[in-house]
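The values are calculated or read from the model by the stated rules, or taken from the named source; none is laboratory data. Worth saying up front: this structure is predicted, and the values here are computed from it rather than measured. Positions of Cβ are generated from backbone atoms using ideal geometry, with glycine treated the same way; all protein chains shown enter the neighbour counts.
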Amino acid sequence: MLDVQGQLEILRRGVEQIVPQGDFLKKLERSVRENRPLRVKYGIDPTGIDVHLGHTVPLRKLRQFQDLGHTAVIIIGNYTALVGDPSGRDETRSALTKEQVAENARDYLKQVGRIIDLDRAEVHHNGDWFGKWEFLDVLDLMRRMTLGQISAREDFAKRIAAEKPVYLHECLYPLMQGWDSVEINADVELGGTEQLFSLMVARQLQPVRNQDPQVAMTMPILVGTDGTRRMGKSLGNYIGVAESPEDQFGKVMSVPDGPMAQYFTLLTDIPQARIQELLAEGTNPRDAKEALGKAIVAQYHGQEAADRAAEAFRRRSAGEDPLEIPVAYLAADKLDAEGRIPAPNLIKELGFATSTSNARRDIEGGGVNVGPRREPVTDVKALIYVSDGLVVRVGKRKIAEIRLV
């Protein structure tokens, strides 16, 4: 196991707060001295289906702990998801059903496994314990916190000041999250900066089981590809870990210059000295973004895929087709007697639009062309002559070479 100072240099990177710092140092020193791994917890509520790069910030920190020899403990919050995390929210989350949560959770671990070595991790669902509780257990948990403590948390205080409702079930969330730490005897819990209150609740609860209180380690909130708002699927400014190499790379290249330092620090292992070189005044931001894009894509798809995605982006930016054009199969019976098909139908059949109405909008927007000469298709009533090998392009990113079947 690496010495304490060596571990601190790795673990402090990109961290907003360690609370209390003194306790963390003591836990780390004891861990090294006794060769006893720390139990490091991270909880995920499956409120959606996709894991994006914003979620990976604490997950990457968890992987750093894991690589240093500590135990990664992942909590799938299938019961806390039914309550809804109020952290950083100015209104109550929409309620989810147990069926929705179960459906969302199904693919979560597969995506998390792109970052965490699940073979070396513990995975628990908090429904395993909360699902067995009786009402008296809930009452006993609620006795551990006062209304004054709950209403003092920043997000609740803001809602109360704005005369927005705070529902009683939301008050259970930090207590439930804290009890998760008791169940797995956590030494450290990771989370976003807005979760500090909930992370600290466990310190009040763990002594009930004669456990040493955990340390809270918070990470900054990753901004989205728009460069301003937090990354989120609902805002359309996210990069998913399961997206294709080309989509991941293209989205990274679209990120404004402002958040580049944050992306490098939180999403890659590139040394800080090299980051400073890439972002130094007078350097080309495009070169830095390409290095960032390749580093991110390589994590989830491998270096070869990252290099291909970068080359495809360069060719696309230069107005060239990619070296490998995806093949799309088109049934010959979709063509008329002269081998033609209406342009909106063709775009829909190739999967480039969900409906002919959307396809017409693509055409009217001037984003459709065909063939080696990139002949533009601007008339929504146009009939396209189709033969094997015809290349169809929609926008900057959609392209296919047709094979008739």
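Inspection of the range 317-337 identifies no residue that is surrounded by 12 or more Cβ atoms within 10 Å (Cβ to Cβ), acidic (Asp, Glu) and part of a helix (DSSP H, G or I).
With the requirement that a residue be within 17 Å of Ile115 (Cβ to Cβ) and of a type outside the set (Lys, Arg), what does the range 24-44 give you? The answer is Val40, Tyr42, Gly43, Ile44.
Residues that are without any contact (Cβ under 8 Å) to a residue 60 or more places away in the chain and either surrounded by 20 or more Cβ atoms within 10 Å (Cβ to Cβ) or over 23 Å from Asp180 (Cα atoms) (or both) within the range 32-46 comprise Val32, Arg33, Glu34, Asn35, Asp45, listed in sequence order. Please indicate, with yes or no, whether at least one residue in the range 78-99 is assigned to a loop (DSSP other than H, G, I, E, B) and at pLDDT 95 or above. Within the range 78-99, not a single residue is assigned to a loop (DSSP other than H, G, I, E, B) and at pLDDT 95 or above. Would you call Ser181 outside the structural domain of Leu28 (by TED's automatic domain parsing) and either touching a strand residue (DSSP E or B) at 6+ places or on another chain (Cβ under 6 Å) or part of a helix (DSSP H, G or I) (or both)? In short, no. Filtering the range 374-391 to residues that are within 20 Å of Ser317 (Cβ to Cβ) and either free of Cβ contacts under 8 Å to residues at least 60 places away in the same chain or surrounded by fewer than 12 Cβ atoms within 10 Å (Cβ to Cβ) (or both) leaves Arg374, Pro376. Would you confirm whether any residue within the range 252-263 is among the hydrophobic types (A, V, I, L, M, F, W, C) and modelled with pLDDT under 95? Scanning the range 252-263, I find no residue that is among the hydrophobic types (A, V, I, L, M, F, W, C) and modelled with pLDDT under 95, so the answer is no.
Each row is one residue, and each column tells you yes or no for (1) exposed (fewer than 15 other Cβ atoms within 10 Å of the Cβ); (2) among the aliphatic types (A, V, I, L, M); (3) within 15 Å of the chain's Cα centre (by Cα); (4) more than 20 Å from His52 (Cα to Cα).
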residue	(1), (2), (3), (4)
Val241	no, yes, yes, no
Glu246	no, no, no, no
Ala273	yes, yes, no, yes
Glu290	no, no, no, no
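Whether any residue in the range 163-174 is under 25 Å from Val15 (Cα atoms), modelled with pLDDT under 95 and in contact with a helix residue (DSSP H, G or I) (Cβ under 8 Å, 6 or more places away or on another chain) is what I want to check. Yes, that holds for at least one residue. Does Leu62 meet the test of being surrounded by 20 or more Cβ atoms within 10 Å (Cβ to Cβ), touching a strand residue (DSSP E or B) at 6+ places or on another chain (Cβ under 8 Å) and part of a helix (DSSP H, G or I)? The answer is yes for Leu62. Exactly one residue out of Phe197, Phe156 is out of contact with any Ser or Thr (no Cβ under 8 Å at 6 or more places or on another chain), in contact (Cβ under 8 Å) with a residue 24 or more places away in the chain and either among the aromatic types (Phe, Trp, Tyr) or not assigned by TED's automatic domain parsing to the domain that holds Tyr42 (or both), and it is Phe156. Any residue that is closer than 30 Å to Ile296 by Cα and of a type in the set (A, V, I, L, M, F, W, C) - is there at least one of those in the range 199-207? The answer is yes, given that some residue of the range 199-207 is closer than 30 Å to Ile296 by Cα and of a type in the set (A, V, I, L, M, F, W, C).
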